[in-house]
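Structure in structure tokens, see below.
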Amino acid sequence: MSTTIEDVEPEFLDKVIIRFAGDSGDGMQLAGNRFTDASAAFGNDLATFPSFPAEIRAPAGTLPGVSSFQVQIADFDILTAGDEPDVLVAMNPAALKSNLADLRPMGTIVINTEAFEERNLAKAGYETNPLSDGSLNGYKVIEAPMESLTKEAVKDTGVSGRDVLRSKNMFALGLMAWLYSRPLEPTIEWIEAQFGKKPEVAAANIATLKAGYNFGLTTEATKNSAVSVKPASLPPGEYTTISGNLSLAWGLIAGAKATGLPLFYGSYPITPASDILHELSRHKNFGVRTFQAEDEIAAISASIGAAFGGHLAVTGTSGPGLALKSEALSLAMMTELPLIVVNVQRGGPSTGLPTKPEQSDLLFAMYGRHGESPLPIVAASSPSDAYDAAIEAIRIAAKYMTPVLLLSDNSVATGSEPWRLPERDSLPDFTVRFATKPNGPAGEFMPYVRDPLTFARQWAVPGTPGLEHRIGGLEKEEVSGNVSYNPANHQLMTDTRAWKVANIANDIAPVAVDDPDGARTLVIGWGSTLPVIKAAVRRVRNAGMPVAHVHLRHLNPFPANLGEVLRSYERVLVPELNNGQLIRLLRAEYLVDAVGLNKVSALPFKVTEIETKIREMI
Amino acid sequence: MTTIEYTRGDFQSDQEVRWCPGCGDYTILASVQKFMAASGIVKENAVFISGIGCAARFPYYMSTYGMHSIHGRAPAVATGLATARPDLSVWVVGGDGDMMSIGGNHLIHALRRNVNIKILMFNNQIYGLTKGQYSPTSEVGKRTKSSPMGSIDYPFNPMSLALGAEATFAARTLDMDTKHTVEILEAAYAHKGSAFVEIYQNCNVFNDKAFIALTGKEDRDSNRIYLEHGKPIRFGQDMEKAVIFHNGEATIVDAASVDETAILVHDQTNMTMAFALSRLSHSPTGPTPLGILRSDDSRPTYDDGVSAQLARAKATKGDGNIDDLIRSLGTWTVK
């Protein structure tokens, strides 16, 4: 099949936002991902936002069971999955009801008409059928009897029973491929690879995909509505499409390789961090040991054991799990062992909203330990950035002999975007050198002798003759590492641990201020708000108003020039998906009268929300 | 490989031992040091990991590598270390509160995984470091600071618990019986996989004479049931008692009252027998089995399994290349 439209010349758009919505069993995530990959292959820039229920299978047809996948494709470098969809694919009444409010006025709705029968309408809480009661008058509606057309398409493929309607998501995908001039080949190749062992299922999916495409091509309903988005002009380079959990996992493998140490990953399954465990467990040929622990505490404790044994140890979790790891994290701090603690933040507190984005664990990462226990914090700001953030966390941990908190969140973890790949053989060198010789006056090894520049203690691993030593959670005497209750020693060691972390400020890049126009207003953010803040800043600038932007990778310590930067602006805005956490740190540290923009409503910021706030402040 | 000759002193650290005078821990420390010197373990390959409690001070007194970790977590720390470094000999030391209360979860999972770690649980049936509360092995009715009207907590039977957690090695010994302790440590070390050793340890400050039935001159010979693989189970001052199977349970009888062939012959590879023997006593106030209840080398160890998967992945996929990995989902080029 040709990838060009045969009888309709498409109208070219610079961007389009499409949301696939259906029952969680309808395969909307899969349809969205395939559409994304076809667009990436076509050369569009893109960003995605999957949203799915926390329950594995909420009752079919109900509002809680709706799963959706939003993708924005564009011919320029876009930053977010977009605010308001231009197109909504609604596979059933519940999907329509829970997503319609987000659709832009005059937007397009693609409807699976056969799902709009009495029972499904009732389950979604519709008293009248929206297809006939006039409530969709302000939209362009494309109606397709997807179920009967799917049945017809697959009748010669050999699938039967429940498998027949399984492929109806491919009908929706095929229709969208026609509407937006996407090539079908990448999807067909994917289907063939995916269902290689079940040729009848592959044939059914391909037949339905083509049926959807042909439905768009031939029906009066959609004629002349074909549109396309041209390839984006991204910076030259080699690209892949990546989600944040994958790139974070790869960054851990890369960072460990840079240190020359084997990677150990201890984890307990938890949404949305589990994919890191899944991914790492596939790469044992890199020498990666994954340990699925009995609980969160065992996951970090085993990682501490592996770190003591000379491995680059990482434990990964999400909010509730970080709370459980708190005591052991203090042990890692006291024993001054390198350890990465990945926290893929989600809506909290308690079980909260496990599948929704939030940045509400920053203060917990900062202060969530007993005693005086500052630790470095590094945050990933986009799916592709998680790779670099993981490498940076490992650099700090190994160089300074300290645990490091690496913050991701649900948006970073499950969203995807094009990633300009690093050059081959460009991995930095963080080679770790274990202690090999005694360092004490009597030929003994003293574990708390420190490097004069980094204050890091030496890492002596079991199996090294002559360096036998004991470490532990009790306060240790400086230098010798013997247990010490000496009051002056505790003051010294507490100060030293804090100083060791604070001193890292001199070893991280100063904040880069994005301020081409000499603005008086600064927007400062951290983590997954990067794309949306960038987009908002761009819109404000396009409207002729200068505004500056700083995005923090390091949350503790802050970069050395941050205070100076903050004080050089009249107004400082801090947008965060929490009730004001970074802003507290900034106000406390630098006494700046920053203004917060805060949101905890299970969704990322919309560009317009930040844009409006910036305009208000200017 | 050359064997290094060690003495007990080679395993003593320079730290002053600070248990209460008369504590059973001193004897256990001496037994462990004696065992280590003769074990053939290269000193730098031995690691002692502990949690929190009186017993958990143990690593500071050994001149090996060691970590005094946090309450209950020593089996998990040791699991990570042994998995990362299968070349080491990893030992876990803790008390009954550390292992069976706050750390119960880690203990059972370490045992079922069969990680190659050796767990020594000093059971004194009391919380010592926190000065005398009842523990998960204290007997019902025990009056302590936190149970002035007597404890209503039913205690664990540590041997039954370990066996229920699929321990491939479970043994019990007594602090004061140095010879037997060393024998059990040797067997635990020789065992492939995780080993659980319960050591009855007298806390002369908060729970003195808890094990008097096994240690007192009057009763000890009639109450110690020493188990030996392949031998009929007989005990008593004149070996006048025996253990038989009766109504599906291990039962103590007068040896003279049964036919010689009815006496149970100990088979440490038999899980059902091990569990039955573990039920002979609950609190050690009467006849109590000592020695190896179970030792079964047939189950693969966790750390071997991990190493084997790594080797297989490397053999089939080759050494990982990060530049290829990040391109594995397909790439496109923008010019």
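The values are calculated or read from the model by the stated rules, or taken from the named source; none is laboratory data. Everything numeric here is computed off the predicted structure, so don't read it as measured data. We place every Cβ from the backbone using ideal geometry, glycine too, and count neighbours over all the protein chains shown.
Which number in (1) out of contact with any His (no Cβ under 7 Å at 6 or more places or on another chain); (2) buried (at least 18 other Cβ atoms within 10 Å of the Cβ) marks the one condition that B:PHE169 misses?
(1)
From A:PRO462, A:PRO452, A:PRO383, which residue is outside the structural domain of A:ILE73 (by TED's automatic domain parsing), more than 30 Å from B:SER63 (Cβ to Cβ) and of a type outside the set (A, V, I, L, M, F, W, C)?
Exactly one of A:PRO462, A:PRO452, A:PRO383 is outside the structural domain of A:ILE73 (by TED's automatic domain parsing), more than 30 Å from B:SER63 (Cβ to Cβ) and of a type outside the set (A, V, I, L, M, F, W, C), namely A:PRO383.
Hey, another quick one. Would you check which residues across the stretch A:340-374 are in contact with a Ser or Thr (Cβ under 7 Å, 6 or more places away or on another chain) and either of a type in the set (Gly, Ala, Ser) or surrounded by fewer than 24 Cβ atoms within 10 Å (Cβ to Cβ) (or both) and list them?
Across the stretch A:340-374, the qualifying residues are A:GLY348, A:PRO354, A:THR355, A:GLY368, A:ARG369, A:HIS370, A:GLY371, A:GLU372, A:SER373.
If you scan the stretch A:441-462, which residues turn out to be exposed (fewer than 15 other Cβ atoms within 10 Å of the Cβ), under 23 Å from A:MET333 (Cα atoms) and within 14 Å of chain B (Cβ to nearest Cβ)? Talk me through it step by step, then tell me what you get.
Keep residues of the stretch A:441-462 that are exposed (fewer than 15 other Cβ atoms within 10 Å of the Cβ), which gives A:441-443, A:451-453.
This time we only want the ones that are under 23 Å from A:MET333 (Cα atoms), so: A:451-453.
Passing the criteria: none in range.
Rundown of residues vs (1) within 29 Å of A:ILE78 (Cα to Cα); (2) outside the structural domain of A:LEU277 (by TED's automatic domain parsing), yes/no style:
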{"position": "A:GLU372", "(1), (2)": "no, no"}
{"position": "A:VAL378", "(1), (2)": "yes, no"}
{"position": "A:TYR387", "(1), (2)": "yes, no"}
{"position": "A:ARG395", "(1), (2)": "no, no"}
{"position": "A:LYS399", "(1), (2)": "no, no"}
{"position": "A:VAL404", "(1), (2)": "no, no"}
{"position": "A:ALA413", "(1), (2)": "yes, no"}
{"position": "A:PRO441", "(1), (2)": "no, yes"}
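Continuing with this model, one more query. For the stretch A:505-535, enumerate the residues that are over 21 Å from A:LEU407 (Cβ atoms), of a type outside the set (Val, Ile, Thr) and either at pLDDT below 95 or part of a loop (DSSP other than H, G, I, E, B) (or both). Show your work before the answer.
As a first pass, look at the stretch A:505-535 and keep what is over 21 Å from A:LEU407 (Cβ atoms): A:506, A:513-522, A:535.
When the remaining residues are screened for being of a type outside the set (Val, Ile, Thr), the result is A:506, A:514-520, A:522, A:535.
Answer for the stretch A:505-535, where residues must be over 21 Å from A:LEU407 (Cβ atoms), of a type outside the set (Val, Ile, Thr) and either at pLDDT below 95 or part of a loop (DSSP other than H, G, I, E, B) (or both): A:ASP515, A:PRO516, A:ASP517, A:GLY518, A:ALA519, A:ARG520, A:ALA535.
Within the stretch A:470-481, count every residue that is more than 7 Å from chain B (Cβ to nearest Cβ) and either more than 16 Å from B:PRO59 (Cα to Cα) or in a loop (DSSP other than H, G, I, E, B) (or both).
6
So, in the stretch B:304-335, of the ones that are among the polar types (S, T, N, Q) and outside any strand (DSSP E or B), which residue ends up farthest from A:PRO418 (Cα to Cα)?
Restricting to residues being among the polar types (S, T, N, Q) and outside any strand (DSSP E or B), the top hit is B:SER307.
Considering each residue of the stretch A:562-612, count those that are more than 24 Å from the chain's Cα centre (by Cα), crowded, with 19+ Cβ neighbours inside 10 Å and in a helix (DSSP H, G or I), and give that number.
Count: 4.
Related question: If a residue counts only when it is under 28 Å from the mean Cα position of the chain (by Cα) and closer than 28 Å to B:THR331 by Cβ, which strands (runs of 3 or more DSSP E) contained entirely in the stretch A:37-148 have at least 3 such residues? Show your work before the answer.
Values: elements: A:45-51, A:66-74, A:87-90, A:108-112, A:140-144.
Qualifying strands (runs of 3 or more DSSP E): A:45-51, A:66-74.
Go through the residues of the stretch A:442-452 one by one and say whether even a single one is of a type in the set (A, V, I, L, M) and in contact with a helix residue (DSSP H, G or I) (Cβ under 7 Å, 6 or more places away or on another chain).
No: zero hits.
Scan the strands (runs of 3 or more DSSP E) fully inside the stretch B:146-241 and keep the ones with 1 or more residues being more than 25 Å from B:LEU29 (Cβ to Cβ) and modelled with pLDDT of 95 or more.
Qualifying strands (runs of 3 or more DSSP E): B:224-227.
Let me ask another. How many of the residues in the stretch A:537-582 are more than 16 Å from A:MET617 (Cα to Cα) and of a type in the set (A, V, I, L, M)?
Number satisfying all stated conditions: 8.
In the stretch B:22-74, how many are touching a helix residue (DSSP H, G or I) at 6+ places or on another chain (Cβ under 8 Å), of a type in the set (Val, Ile, Thr) and facing another protein chain (nearest Cβ under 10 Å)?
Number satisfying all stated conditions: 5.
Can you name every residue in the stretch A:517-539 that is among the hydroxyl-bearing types (Ser, Thr, Tyr), in contact with a helix residue (DSSP H, G or I) (Cβ under 6 Å, 6 or more places away or on another chain) and within 20 Å of A:SER384 (Cα to Cα)?
A:SER528
Now, a different point. Counting just the residues of the stretch B:84-110 that are in contact with a Phe, Trp or Tyr (Cβ under 6 Å, 6 or more places away or on another chain) and either assigned to a helix (DSSP H, G or I) or surrounded by fewer than 24 Cβ atoms within 10 Å (Cβ to Cβ) (or both), which one comes out nearest to the other protein chains (Cβ to nearest Cβ)?
Checking each candidate, the answer is B:ALA84.
Residue by residue, here is whether (1) among the β-branched types (Val, Ile, Thr); (2) more than 24 Å from the chain's Cα centre (by Cα) holds:
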| position | (1), (2) |
| --- | --- |
| A:ALA249 | no, no |
| A:ILE253 | yes, no |
| A:LYS257 | no, no |
| A:PRO262 | no, yes |
| A:THR271 | yes, no |
| A:SER281 | no, no |
| A:ALA298 | no, yes |
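Read through the list (1) out of contact with any Ser or Thr (no Cβ under 6 Å at 6 or more places or on another chain); (2) within 20 Å of B:ILE28 (Cβ to Cβ), then give the number of the only condition that B:HIS109 fails.
(2)
Quick check: anything in the stretch A:433-440 surrounded by 20 or more Cβ atoms within 10 Å (Cβ to Cβ) and aromatic (Phe, Trp, Tyr)? Break it down into steps so the answer makes sense when it comes.
First pass over the stretch A:433-440, keeping only residues surrounded by 20 or more Cβ atoms within 10 Å (Cβ to Cβ): none.
So far as the stretch A:433-440 goes, no, none of its residues is surrounded by 20 or more Cβ atoms within 10 Å (Cβ to Cβ) and aromatic (Phe, Trp, Tyr).
Among the numbered criteria (1) in contact (Cβ under 8 Å) with a residue 24 or more places away in the chain; (2) facing another protein chain (nearest Cβ under 9 Å); (3) in a loop (DSSP other than H, G, I, E, B), which single criterion is violated by B:ALA78?
Against the list (1) in contact (Cβ under 8 Å) with a residue 24 or more places away in the chain; (2) facing another protein chain (nearest Cβ under 9 Å); (3) in a loop (DSSP other than H, G, I, E, B), B:ALA78 comes up short only on (3).
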